[in-house]
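Student: Quick one: structure below, then a few questions.
The values are calculated or read from the model by the stated rules, or taken from the named source; none is laboratory data. The structure presented is a predicted model; accordingly, all values stated were derived computationally and were not measured. FYI the Cβ positions are ideal-geometry reconstructions off the backbone, even for glycines, and counts take in every protein chain you see. When the accessible area is computed, the model is the full protein with side chains, heavy atoms only, and any ligands, DNA or RNA have been set aside. Shrake-Rupley method; radii C 1.70, N 1.55, O 1.52, S 1.80 Å.
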Amino acid sequence: MDTLKRIWLTISQMAKRAWLLPHTVAHALHLRRRQIVLSEHEMERLDRIRNPSKYLGK
C-alpha cells in the first residue's frame, strides 16, 4: 500500500509541475525582459556620468 501511495504522489507532483510549466516559463521570460531594461538604463546612466558633454542639451 505504501508503494502505491508513493507512486500516486509522484504522478500527482509530476502532473502539477507539468500544469505549472507554462506559467513558470512566462515568469522567467518576464524577469529576463525586466533585467534587460534595467541593464539598458544602467548603461545609459553610466554613459551620462562618463560623457556629460554628450547629454548637455537633454
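Student: Against the definition (basic (Lys, Arg), modelled with pLDDT under 95, open to solvent by 100 Å² or more (accessible area, probe 1.4 Å) and in a helix (DSSP H, G or I)), how does Arg6 come out, yes or no?
Tutor: Spelling it out, it is not the case that Arg6 is basic (Lys, Arg), modelled with pLDDT under 95, open to solvent by 100 Å² or more (accessible area, probe 1.4 Å) and in a helix (DSSP H, G or I).
Student: Moving on. What residue, of Asp47, Asp2, is of a type in the set (Asp, Glu) and more than 29 Å from the chain's Cα centre (by Cα)?
Tutor: Asp2
Student: Let me ask something else about it. I need every pair where a residue in segment 24-53 that is basic (Lys, Arg) has its Cβ under 9 Å from the Cβ of a residue that is exposed (fewer than 10 other Cβ atoms within 10 Å of the Cβ) and modelled with pLDDT under 95, sequence separation at least 6 or different chains.
Tutor: Filtered contacts from segment 24-53: Arg48/Lys58.
Student: Any chance segment 30-45 includes a residue that's open to solvent by 80 Å² or more (accessible area, probe 1.4 Å), in contact with a helix residue (DSSP H, G or I) (Cβ under 7 Å, 6 or more places away or on another chain) and on the phi < 0 side of the Ramachandran plot?
Tutor: no
Student: Which numbered condition in (1) of a type in the set (Gly, Ala, Ser); (2) part of a helix (DSSP H, G or I); (3) exposed (fewer than 10 other Cβ atoms within 10 Å of the Cβ) is the only one that Ala15 fails?
Tutor: Only one criterion is unmet by Ala15, namely (3).
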